[in-house]
Amino acid sequence: TFAQRNPFNLDRNQIKTKHKRTGAVEDKGQDAPFYRALLDTKQNGKTFHICLLVSPAILCAIFATCISCAAGLDFSGANWIWIPGRAPDGITYPPGNATFRRDFTPTNGKVPVSANILITVDNAYTLYVNGKEIGSSHDFRSAQRYCVPLVNECNTFAVSAQNDSPAGAGNAAGVLAAIQIHYSDGFVETIVTDGNWHGISGTPKGFQEPAYDDSQWAAAFVEGPYPTTAPWNSYTISIPPDSQNPGPSLQNAQWIWTNELKGPGSSVPIGSRAFRRTVTLPNGRLAIQAKVLIATDNAFTLYINGLLVGSGESFTVANRYVVNFPPTSRVVIAVYATNVPPGGPAGVFAAFDLVSCDCSYDDYFVTDGQWKYSLGTPSGFINPDYDDSAWAWAVTEGGYGASPWGRTTASSNNSPQSPAANGAPDAPPADVVV
């Protein structure tokens, strides 16, 4: 197995040496030791960054640009690519199949969690990640999105592409893709179709597998950047929204307050109260973002995982927030809520959508009897590790449309991060998306 998958005749000692030079971590599985390395090789005067499998660990190298927070994925920076051999007219390729690969390994010991993929191909494609078929399409005017879990080693993105021509004559052909890698520490890394992909005419057997040796393939031919390259610049390419999830909804939320209530919507003493809700995701799932709708009677300051999101003072229109944070399986929400003079009814009314980073479904929760409250605002209550075990459970007052608040609407725009309300704890700002 080692010899078959080691086309550059590196012996185990050479692999181990390169492993040490790159600072990679030696595997400690039951069949240890295995080694990973970042390897370059020259073939026919060309330098290749290869993904080499040394039974069973995988050795990879890739170059990419890291950014510090996730952004909406589009085709920015991506290029239309195909294999070399375009006709002199600068557009035409003969009909037939072409296959493309890009090997990816994280740098600096980062742990990849998932990949968001945006792709379209003129004319048709089937996409594979780590040997598994992910999806296909036959209309380049409509791009597709996919979310795919990744492994903590070399990950291979492969595309089987088809240039159709009913009349048998040549026409334009191209692959356009952007891939956003999510890491366990909250960073993302985006790779796009460019000259770092490899391509070949036809569909070689096993091309989609990480262990496949594509070192003899040519670098993909870059036809030009999106969206200015002809002939595609004369078409509108439909890009689906980042998420098909409905987001948070106030329809199932309850107005909550403390045991000072004499009845739903009754008057309560003026002053500030603390509320908390801790959500632990099952099966080790990770969330990277919270989408929030929140309204209060009369004022609130919202914190997520100890960071200051913002404040507001309306019960008729809920503030809308989108908050990014490092991947975590435990999310702590804290609210500093105030009933201002001259007093009257008071309540907190909110809905939350926790967005996963591992391609699993989102988690939704609302204000209800699972929240906890304190009749004061204890020091440190906004911190994730604060012990609220002695706090009482919140008292519900009624659902959406309940009196005296009526039907609370949601702002159509995201609220920016803002300072804490007067008297509320200060904290470092959360990463709030506007």
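The values are calculated or read from the model by the stated rules, or taken from the named source; none is laboratory data. Since the model is a prediction, treat every value here as computed from it, not as a measurement. When we count neighbours, we look across all protein chains shown, and the Cβ atoms used for this are built from the backbone with ideal geometry, even at glycine. We work out accessible area using only protein heavy atoms, side chains counted, and drop any ligands, DNA or RNA first. Shrake-Rupley method; radii C 1.70, N 1.55, O 1.52, S 1.80 Å.
Along the charge dipole of the range 238-320, which of A253, V309, A287 sits closest to the positive end, that is, farthest toward it, with unit charges on the beta carbon of Lys, Arg, Asp and Glu (+1, +1, -1, -1)?
In the range 238-320, that residue is A287.
Could you tell me which of rounded, prolate or oblate describes the range 354-434, using a ≥ b ≥ c as the square roots of the eigenvalues of the alpha-carbon gyration tensor, with rounded for a/c under 1.5 and, failing that, prolate when a/b is larger than b/c and oblate otherwise? Walk me through the intermediate numbers first.
Numbers: a/c = 1.25, a/b = 1.04, b/c = 1.20.
Because its axes are fairly even, with a/c under 1.5, the range 354-434 counts as rounded.
Let me spell out the model: positive unit charges on the Cβ of Lys and Arg, negative unit charges on the Cβ of Asp and Glu, origin at the Cα centre of the range 352-394. What dipole size does that give, in debye rounded to 20? If you can, show how the numbers build up before the last one.
Details: 1 positive and 8 negative charges, 51 e Å.
With Lys and Arg at +1 and Asp and Glu at -1, about 240 debye.
Using mean Cβ contacts within 10 Å as the protection proxy, how do 121-130, 255-264 order, highest first? Don't skip to the answer; put the middle values down first.
Working: 121-130: 21.8, 255-264: 18.3.
Highest-to-lowest ranking by the protection proxy: 121-130, 255-264.
Determine the dipole magnitude for the range 79-222: charges of +1 sit on the beta-carbon of Lys and Arg, -1 on that of Asp and Glu, nothing else is charged, the reference point is the Cα centre, and the result goes in debye to the nearest 20. Can you show the working numbers first?
Values: 8 positive and 13 negative charges, 25 e Å.
Result for the range 79-222 is approximately 120 debye, rounded to the nearest 20.
State whether the range 239-382 is rounded, prolate or oblate according to the following rule on the C-alpha gyration tensor (a ≥ b ≥ c being the square roots of its eigenvalues): a/c under 1.5 gives rounded; otherwise a/b larger than b/c gives prolate, and the remaining case gives oblate.
Numbers: a/c = 2.16, a/b = 1.78, b/c = 1.21.
Prolate.
Using a basic spin-label model with each label point 7 Å from the Cα along Cα→Cβ, how many nm lie between N383 and S412?
4.3 nm
Please report, as a whole percent, how much of the solvent-accessible surface of the range 239-353 comes from carbon and sulfur atoms (probe radius 1.4 Å).
Values: 2080 of 4020 Å².
C and S atoms contribute 52 percent here.
Once each part is reduced to its C-alpha centroid, what is the distance from the range 333-386 to the range 249-277 in angstrom?
Each part's Cα centre sits 11 Å from the other's.
Under 11 Å from the 7 Å Cα→Cβ point of I270, by amide nitrogen: which residues of the range 341-367?
Residues 341-344 qualify, since their backbone N sits under 11 Å from the label point.
Taking the Cα centre of the range 258-328 as origin, sum charge times position over the Cβ atoms of Lys and Arg (+1) and Asp and Glu (-1), and report the length of that vector in debye to the nearest 20. Intermediate results must be reported in sequence, preceding the final value.
Values: 7 positive and 3 negative charges, 52 e Å.
Result for the range 258-328 is approximately 240 debye, rounded to the nearest 20.
Out of residues 5 or more away from A173 or on other chains, whose amide H comes under 5 Å of its own, with H placed 1.01 Å from N in the peptide plane?
Residues meeting the amide H criterion: Y93.
Counting only heavy atoms of the protein chains, get the accessible area per residue of the range 292-434 (1.4 Å probe) and round it to a whole Å² value.
In whole numbers, the range 292-434 has 40 Å² accessible per residue.
Could you give the distance between the Cα centres of the range 390-433 and the range 140-213, to the whole Å?
43 Å
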